[in-house]
Amino acid sequence: MQKFRIRLNFVFLIIIGALLLILGIYFAKMLQSLYIDVLEERLATEARIIADDVQYAGLMTRTDLLQQRMKRFADDIGARITVLDRQGDVLADTEHDPATLPNHANRPEVRKALETGVGQAVRYSATLHYDMMYVAVPLKQGQDIKGIVRASIKVTRVQETVKKLWMSLGGVLVFTMLLFGFISTRITKSITQPIEEITRVARCITRKEFKNRIRTNAKGEIGQLAQAINFMAVSLEQQMSAIRENEKRLESILNNMFSGMMLISDTRRIAMMNTAAEQLLGYNAKDFLGHIHTEVGKNSGLSQLIDRCLETGEKIREEIHVYYPEEHIIDVNLGAYTNEEGEIKGVIVLLHDITAIRRLEKMRSEFVANVSHELKTPITSIKGFTETLLDGALEDPDISRSFLT
């Protein structure tokens, strides 16, 4: 069950981690995009302010003053500033000598600024040899475009800011993950602890230890399950107590019977044998319970009767002779017992020792024969005397008295 708690906690952490990661990436991308949009908007605003300042001061024709002015702006805003004329020639640049710079008319941000009023681009600077973010706005006099003011910063600065943003967000995610891990551990413990208690009691029930009870304060379905198992344990304890009592009664009845009793299962194995049957057959039931009846029987006639009853299901009554451990004449009664579907599930065998009865019957027969033999001679004599008297000897007093005496 400890493994189940770990697995459940791990699943919670995976789900929470996945959700936090998705939300973190989404918000990080959103904040990154928002930061870049804000930065572009700030550069565009500063470029417009610079354009207005150049136009107001009339610096388009005074390149030396224009260069100095742009350097001061660059120092204040921390960006590179480039001023172009209408044809794209560089009039001033805070990072490089304007005279050495090529025409910028074909730069994407410049073309877009001339077309839409503001242009943005991120690309590699061949002059400075690193990536730059460019924002350009037109320098207007009335409705006429006199030039272009372009503000740019290193992309590395943007990347560093985004990296810091990612690191901050990562720290928040790690802290949130740890917090949710602690919370999920508590939650999984509150869920699995009652289940562990239920499992413990269920295992005790399988071992026939019915006195154990579930001790938990869980509510809802788990609490109802715990109450149901407790009720089941009480019920099973009562039922098992009643079953044990009935078993004791049945065992006492069977062991005090003078007739032997055997129970043979449908697999032809001995399931029960009482003391009288042990004495008649000469076996110890504890040694042969579960064995096939033909393995322990020394009387093939009894085994044949059992097999016949299992196959046919008929009631059988016959006498058999047993010569081990002593000679016995046994009256055997067999009857099959069936389940609700009528299938034969075993045979009940009753064994009655009728050796004494048969011995008495034999003695009676011998007694009658002996008595008959002993009475035959005097009766014959009496019959002869009587016939002689009837034939005339009755008239002679001496002979008559002698015969009658």
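The values are calculated or read from the model by the stated rules, or taken from the named source; none is laboratory data. Please read all numbers here as calculations on a predicted model, not as lab measurements. Glycine also receives a Cβ, built like all others from the backbone with ideal geometry; neighbour counts cover every protein chain displayed. Ligands, DNA and RNA are excluded from the accessible area calculation, which covers all protein heavy atoms including side chains. Shrake-Rupley method; radii C 1.70, N 1.55, O 1.52, S 1.80 Å.
Please go through the residue pairs LYS286/LYS315; LYS189/LYS219; LYS211/LYS248; LYS29/LYS164 and name each one whose alpha carbons sit more than 19 Å apart in this structure.
Correct reply: LYS286/LYS315; LYS211/LYS248.
What residues have an amide H closer than 5 Å to that of ASN274, excluding those fewer than 5 places away on the same chain, when H is modeled at 1.01 Å from N in the peptide plane?
Excluding prolines and chain starts, which carry no amide H, the hits are MET261.
Pairs of Cα atoms under 8 Å, at least six residues apart: use those to get the relative contact order of the chain, whole percent.
It comes to 9 percent, rounded to a whole number.
For region 1-145, with all protein chains present and a 1.4 Å probe, just round the carbon and sulfur fraction of the accessible area to a whole percent.
Of all accessible area on region 1-145, carbon and sulfur atoms account for 58 percent.
Determine the calculated [θ] at 222 nm for the chain from helices alone, applying -39500 (n - 2.57) to every DSSP H run no shorter than 4 residues and normalising by the residue count; nearest 500 deg cm²/dmol.
-20500 deg cm²/dmol
Starting from the Cα of SER265, step 7 Å along the direction of its Cβ; do the same at THR176; then give the gap between the two resulting points in nm.
Distance between the two pseudo-spin positions: 6.2 nm.
If I compute mean projected area of the Cα convex hull in nm² from the structure I just sent, which labelled value in [x] 45.1; [y] 27.4; [z] 20.3 lines up?
Of the labelled values, this structure produces [x].
What is the distance in Å between the Cα centres of region 188-265 and region 327-405?
62 Å
Straight-line reach from LYS146: which lysines have a Cα under 16 Å away, not including same-chain ones fewer than 8 places off?
Filter leaves LYS112.
Starting from the Cα of ILE344, step 7 Å toward the Cβ, then list every residue of region 300-324 with an amide N under 16 Å from that point.
Answer for this model: 302-318.
For LYS140, list long-range residues whose amide hydrogen, built 1.01 Å from N in the peptide plane, is under 5 Å from its own amide hydrogen.
Amide H neighbours of LYS140: LYS146.
I need the phi-derived Karplus couplings for region 279-291: 6.51 cos²θ - 1.76 cosθ + 1.60, θ = phi - 60°, integer Hz, Gly and Pro marked x.
Residue by residue, region 279-291 yields 5, 5, 9, x, 10, 9, 4, 4, 7, 10, 5, x, 8 Hz.
In nm, to one decimal, how far is the modelled label at ILE357 from the one at GLU327, with both set 7 Å along Cα→Cβ?
Going from the ILE357 label point to the GLU327 one covers 2.0 nm.
Compute the acute angle (0 to 90°) between the alpha-carbon long axis of helix 220-255 and the principal axis of greatest extent of the alpha-carbon atoms of the chain; round to the nearest 10°.
Once rounded, the angle reads 10 degrees.
Which residue, GLY282, GLY384, GLY171, has the most motion in a Gaussian network model of the chain that connects Cα atoms within less than 10 Å?
Largest GNM mean-square fluctuation: GLY384.
Determine the per residue accessible area of region 4-126 with all protein chains present and a 1.4 angstrom probe, expressed in square angstrom.
58 Å²
Step through the residues of region 108-115 one at a time and calculate ³J(HN,Hα) from phi using the Karplus curve (6.51 cos²θ - 1.76 cosθ + 1.60, θ = phi - 60°), rounding each to whole Hz and writing x for Gly and Pro.
For region 108-115, the Karplus curve yields x, 5, 6, 4, 5, 5, 5, 7 Hz.
Distance in nm between label sites at ALA57 and GLN141, each 7 Å beyond Cα in the beta-carbon direction?
Label at ALA57, label at GLN141, 1.7 nm between them.
Taking chymotrypsin sites (Phe, Trp or Tyr not before Pro) as candidate sites, keep only those in a DSSP loop with at most 12 other Cβ atoms within 10 Å, then name the longest stretch of the chain containing none of them.
Of all site-free stretches, the longest is 1-257.
Go through region 196-203 residue by residue and turn each phi into a ³J(HN,Hα) via Karplus (6.51, -1.76, 1.60, θ = phi - 60°); whole Hz please, and just put x for glycine and proline.
Per-residue couplings from phi come out as 4, 5, 5, 5, 4, 5, 4, 5 Hz.
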